[in-house]
Amino acid sequence: MALNWNFTEPDWLREAPLDERMTYLDCEQTVFRRVLASCRDLPEEAWRRLDNDPDLMVRRAAARRPDAPPDVLEQLVRAHGDVLHIRPLLVEHPNFPRHTLRTLVEEPSPNVRYVALQDPELPVTALQQLATAEDSFLRRGVARHPNITDALLERLLADPAPEVADDAGANPALRPARMYRILAEAGL
């Protein structure tokens, strides 16, 4: 039995009565607040406090609830979009305000700007702006975007970073004639 015991989280807290669970809302140990945030029957005041908890993992656990407010999800992306494991959770949430994705193009962090590429309708001007970034990971994302223009695709095909050109070469918008020319130049 001891081998199956989880020492890292107080899972028993999820089964405790609501009154008892609420006493852990101000607990100094983050793990108790994180487990509390994984409960789904908390009162609104508890959600407000957990949504603003100083610990990212607590806020992330609170954001998993089905009725997480759109502004909380957006704020987490803007503040912590550079944490790779948090982006999919937030952007794929049904309450995420997808209309705000294109506003992320102006964010200072390249990883947060990368989240803007989740908008399939992202304007070409925004794609051009993102394609000029110093971050090759961001340019690779632009190279795979479905709304890319021929001119921008050509520019990314000529990118000095091989992985950017490879991703641009895999874009379905690439015309067959250009693809055959690339293959011929590579000796394939």
Accessible area in the full protein assembly, largest first, 1.4 Å probe, for Phe96, Phe137: Phe137, Phe96
Ranked order, Cys27, Cys39 - accessible area, probe 1.4 Å, largest first: Cys27, Cys39
Highest-fluctuation residue, Asp135, Asp159, Asp19 considered, GNM on the chain with Cα pairs under 10 Å: Asp19
Length added when fully stretched, Gln128-Arg78, from 0.36 nm per residue minus Cα-Cα: 15.9 nm
Those residues of the range 137-152 whose amide nitrogen sits under 19 Å from the label point placed on Leu56, 7 Å along Cα→Cβ: 137-138
The range 60-74 versus the range 102-143: alpha-carbon centroid distance in Å: 24
Gain upon complete extension [Glu106, Ile182; 0.36 nm per residue less C-alpha separation]: 24.0 nm
Within the accessible area of the chain (1.4 Å probe), percent carbon and sulfur: 55
For the chain: accessible area per residue (Å², 1.4 Å): 57
Residue among Glu28, Glu163, Glu92 with the largest mean-square fluctuation in a Gaussian network model of the chain, springs linking Cα atoms under 10 Å: Glu28
The chain: most fluctuating residue of Arg140, Arg40, Arg178 per GNM, C-alpha cutoff 10 Å: Arg178
In Å², nearest 10: area of Val115 left accessible to a 1.4 Å probe: 0
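The values are calculated or read from the model by the stated rules, or taken from the named source; none is laboratory data. On a predicted model such as this, the values are computed, not experimentally measured, just so you know. Ideal geometry is used to build each Cβ from the backbone, glycine not excepted, and the neighbour counts take in all protein chains shown. Please note that ligands, DNA and RNA were not included when accessible areas were found on the heavy atoms of the full protein model with its side chains. Shrake-Rupley method; radii C 1.70, N 1.55, O 1.52, S 1.80 Å.
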